[in-house]
Amino acid sequence: MNTQEFKYLIKNAKYRTKYEPIISTTDNSIYAYEALSKFEIKEDIISTEEIFRKLHHNNMLFFELERRNKELQVECFDMDKKLFLNFDADIVNTIDQKEYWEDFLKPHKNRVVVEITENGSDDEKSADIIRQFSQWLNNKNIDSALDDFGQDGSMFSFFLMGQSNYIKIDKSFLRQIASNKNYIFYLQGLLTTINKNGQKSIIEGIETKEDYQLAKKLGCDYMQGYYFNNLVIIK
């Protein structure tokens, strides 16, 4: 698939948003929703992973796509809850991009949380872009969440952790505890650190009743996952 074919495919793809709830462990109420992008493209043509891998090599197309997506995600969201929006730091890189996103986020600062995702690369340049993005959000007083903390052993960096209002703990923690109960002490220590820092914790990957009961027992602030699938809204 050449560049022109890829651009055409992306610009004409059917797009929808799945709003996945983030649940309070205190009273099981819905605290917020995370907007998840869904592209209706056949997997035998191109996978979602390959889409984003290609987009990282085409900054303008990536920015154009995400600008459309984020506008729709905010426009279609009609709940009186916080809204978590996934942002890849690569689309908030140039001066023009930063100006656009600042204008876009400003009217929604009280309800939008920018979820910082890894950009699929672990080289120093990419890490630096993510750190600059985190600092930019902090300087603009825009709430942020650090996504997938602990995924495959990755901790992003303690700098990013310190800059974020919410820490989203990757589901791999729960899977590790299922295979080795001693990992629960590691997670307890992490949750204590987050709490002492005045931040909020969100355990991801709540898929079973056992996951749900463990999250409640551990005393994290919020939880998210397929277990609450009946509360998902698709638009």
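The values are calculated or read from the model by the stated rules, or taken from the named source; none is laboratory data. Worth saying up front: this structure is predicted, and the values here are computed from it rather than measured. Please note: Cβ atoms are built from the backbone with ideal geometry, for glycine as well, and neighbour counts cover all protein chains shown. For accessibility, only protein heavy atoms count, side chains too; no ligands or nucleic acids. Shrake-Rupley method; radii C 1.70, N 1.55, O 1.52, S 1.80 Å.
One table, with the values for the structure above:
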| quantity | calculated |
| --- | --- |
| Scope the range 135-160; condition part of a helix (DSSP H, G or I), modelled with pLDDT under 90 and in contact with a strand residue (DSSP E or B) (Cβ under 6 Å, 6 or more places away or on another chain); matching residues | L160 |
| Residues that are under 24 Å from K18 (Cβ atoms), of a type in the set (D, E) and in a helix (DSSP H, G or I), drawn from the range 188-235 | D211 |
| Residue that is farthest from D170 (Cα to Cα) [pool: residues in the range 1-37 that are modelled with pLDDT of 85 or more and of a type in the set (D, E, K, R)] | R16 |
| Some residue of the range 154-161 being without any contact (Cβ under 8 Å) to a residue 12 or more places away in the chain and either surrounded by fewer than 18 Cβ atoms within 10 Å (Cβ to Cβ) or of a type in the set (V, I, T) (or both) | yes |
| Some residue of the range 99-111 being open to solvent by 80 Å² or more (accessible area, probe 1.4 Å) and in a loop (DSSP other than H, G, I, E, B) | yes |
| Options I202, I184, I194, I206: the member that is over 18 Å from T26 (Cβ atoms) and crowded, with 16+ Cβ neighbours inside 10 Å | I184 |
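Residues are listed down the side, and each one gets a yes or a no for (1) basic (K, R); (2) in a loop (DSSP other than H, G, I, E, B); (3) at pLDDT below 90; (4) crowded, with 16+ Cβ neighbours inside 10 Å:
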residue	(1), (2), (3), (4)
I45	no, yes, yes, no
I51	no, no, yes, yes
M60	no, no, no, no
R67	yes, no, no, no
Q73	no, no, no, yes
D80	no, yes, no, no
L83	no, no, no, yes
N93	no, yes, yes, yes
Q97	no, no, no, yes
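Let's see how each residue does on (1) without any contact (Cβ under 8 Å) to a residue 24 or more places away in the chain; (2) aliphatic (A, V, I, L, M); (3) over 23 Å from W136 (Cα atoms):
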{"position": "K54", "(1), (2), (3)": "no, no, yes"}
{"position": "N58", "(1), (2), (3)": "no, no, no"}
{"position": "F63", "(1), (2), (3)": "no, no, no"}
{"position": "L72", "(1), (2), (3)": "no, yes, yes"}
{"position": "D80", "(1), (2), (3)": "yes, no, yes"}
{"position": "D88", "(1), (2), (3)": "no, no, no"}
{"position": "E102", "(1), (2), (3)": "no, no, no"}
